[in-house]
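Visitor: Just dropping this structure here.
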Amino acid sequence: MTAANKLPALIFDGDCAFCTSSARVAEKWFQLERVEPWQFADLDALGLSPEQCATALQWVSIDGSVSSGHLAVAAAMRSRGALWGVVGCVLRWPVITQIGALVYRWVAKNRHRLPGGTAACALREPTNPS
């Protein structure tokens, strides 16, 4: 398997400084082998679309299944095992996952305001072709 199609993979928004910094922290803490900006990834080979990747962090598991947003974070944690794996499992519990989804959406919406964020980090609203 080449590095280009090695799984699992954490795919993030490389245009966002906050996301890039966060992805690098995750790479180190969770000892991930493949952490890549979606802008340079072979999305077709990963089973991802640009729309998915522009909307949220993506995790592609060894079996090719995809998790997005807070569930991608949980899946990356579970892949690490040990205490991180336990935290990743807890993040999938019904009430906790609802809170995780809210927190993830807030962070995504405000990432340009967070430490390391820039104006380029702001999510763009889809254009309405009227």
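The values are calculated or read from the model by the stated rules, or taken from the named source; none is laboratory data. Quick caveat, the model's predicted, so the values are computed rather than measured. Here the Cβ positions follow ideal geometry from the backbone for every residue, glycine too, while neighbour counts run over all protein chains shown.
Visitor: Within region 76-98, how many residues turn out to be more than 19 Å from Ala41 (Cα to Cα) and either touching a Gly at 6+ places or on another chain (Cβ under 7 Å) or touching a residue at least 24 places away in the same chain (Cβ under 8 Å) (or both)? Spell out the reasoning first.
Guide: Taking region 76-98 and keeping what is more than 19 Å from Ala41 (Cα to Cα), we get 77-98.
Subset that is either touching a Gly at 6+ places or on another chain (Cβ under 7 Å) or touching a residue at least 24 places away in the same chain (Cβ under 8 Å) (or both): 77-80, 84, 91, 97.
Number satisfying all stated conditions: 7.
Visitor: Have a look at Ser49, Ser67, Ser61 and point out the one that is within 19 Å of Gly100 (Cα to Cα) and of a type in the set (Gly, Ala, Ser).
Guide: Details: Ser49 fails: within 19 Å of Gly100 (Cα to Cα); Ser61 fails: within 19 Å of Gly100 (Cα to Cα).
Of Ser49, Ser67, Ser61, the one residue that is within 19 Å of Gly100 (Cα to Cα) and of a type in the set (Gly, Ala, Ser) is Ser67.
Visitor: May I ask you to list the residues in region 10-30 that are of a type in the set (Asp, Glu), closer than 22 Å to Arg113 by Cβ and not in a loop (DSSP other than H, G, I, E, B)? It would help to see each step written out before you state the result.
Guide: Residues of region 10-30 that are of a type in the set (Asp, Glu), as a first pass: 13, 15, 27.
Next, from what is left, pick out any that are closer than 22 Å to Arg113 by Cβ: 13, 15.
Result: no residue meets the conditions.
Visitor: Report, by residue number, each residue of region 25-44 that is farther than 11 Å from Ile11 by Cα and exposed (fewer than 14 other Cβ atoms within 10 Å of the Cβ).
Guide: Val25, Lys28, Trp29, Gln31, Glu33, Asp44
Visitor: Every residue in region 98-130 that is modelled with pLDDT of 85 or more, over 15 Å from the mean Cα position of the chain (by Cα) and surrounded by 12 or more Cβ atoms within 10 Å (Cβ to Cβ), please.
Guide: Ile99, Asn110
Condition check ((1) more than 24 Å from Lys109 (Cβ to Cβ); (2) modelled with pLDDT under 95; (3) among the hydrophobic types (A, V, I, L, M, F, W, C); (4) not in a helix (DSSP H, G or I)) across all residues:
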position: Leu32; (1), (2), (3), (4): yes, no, yes, yes
position: Glu36; (1), (2), (3), (4): no, no, no, yes
position: Gln39; (1), (2), (3), (4): no, no, no, no
position: Asp44; (1), (2), (3), (4): yes, no, no, no
position: Leu48; (1), (2), (3), (4): no, no, yes, yes
position: Ala74; (1), (2), (3), (4): no, no, yes, no
